Amino acid sequence: MNIDLLHRLSETLSSRRNADPESSYTAQLMAKGPDAILKKIGEECAELIMAGKEGNRLHVVWESTDVLFHTMVLLAYYGLSIEDVLQEMRRREGISGIDEKKARSA
């Protein structure tokens, strides 16, 4: 995946925070607040689960894209970007998932 694409998308989503809701789907979603964004993420996650169960690779790609997009909308809503997520992924790189989870619980 081209990380530049994710950074560009992150910048575009951030610019939609104060955009006219009549001009942008993302601005409409952000204007409705976090509950609407979270509901959309939940819907897209459910669709991804169904795509995974049916085993259609193309549908898995489509629904994964929707989940990632709407997750990035939530990040932008809170003034975060994909870079914040990438930094956390870099921090976790090479750490056992079990150990990382224990460290968060402590």
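The values are calculated or read from the model by the stated rules, or taken from the named source; none is laboratory data. All of these numbers come straight from a predicted model, not from anything done at the bench. Cβ: placed from backbone, ideal geometry, glycine included. Neighbour counts: every protein chain shown.
Values for this structure:
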quantity	calculated
Residues located in the range 13-33, provided they are surrounded by 14 or more Cβ atoms within 10 Å (Cβ to Cβ) and of a type outside the set (D, E, K, R)	Leu13, Ser14, Ala19, Pro21, Ser24, Thr26, Ala27, Gln28, Leu29, Met30, Ala31
Subset of the range 18-76 (residues that are in contact (Cβ under 8 Å) with a residue 24 or more places away in the chain and of a type in the set (Ser, Thr, Tyr))	Thr26, Thr71
So Val67, is it under 18 Å from Thr26 (Cα atoms) and part of a helix (DSSP H, G or I)	yes
Checking Met72 against (1) in contact with a helix residue (DSSP H, G or I) (Cβ under 7 Å, 6 or more places away or on another chain); (2) modelled with pLDDT under 95; (3) not acidic (Asp, Glu), the condition it does not meet	(2)
Scope the range 78-106; condition among the hydrophobic types (A, V, I, L, M, F, W, C), assigned to a loop (DSSP other than H, G, I, E, B) and under 29 Å from Leu9 (Cα atoms); matching residues	Leu80, Ile95
Criterion: in contact with a His (Cβ under 9 Å, 6 or more places away or on another chain) and not hydrophobic (A, V, I, L, M, F, W, C) - qualifying residue of Lys40, Lys53	Lys40
Considering residues of the range 52-64 that are of a type in the set (Gly, Ala, Ser) and in a helix (DSSP H, G or I) only, the residue farthest from Lys40 (Cα to Cα)	Gly52
Residue satisfying condition, being surrounded by 14 or more Cβ atoms within 10 Å (Cβ to Cβ), of a type outside the set (Gly, Ala, Ser) and on the phi < 0 side of the Ramachandran plot, within set Val85, Val61	Val85
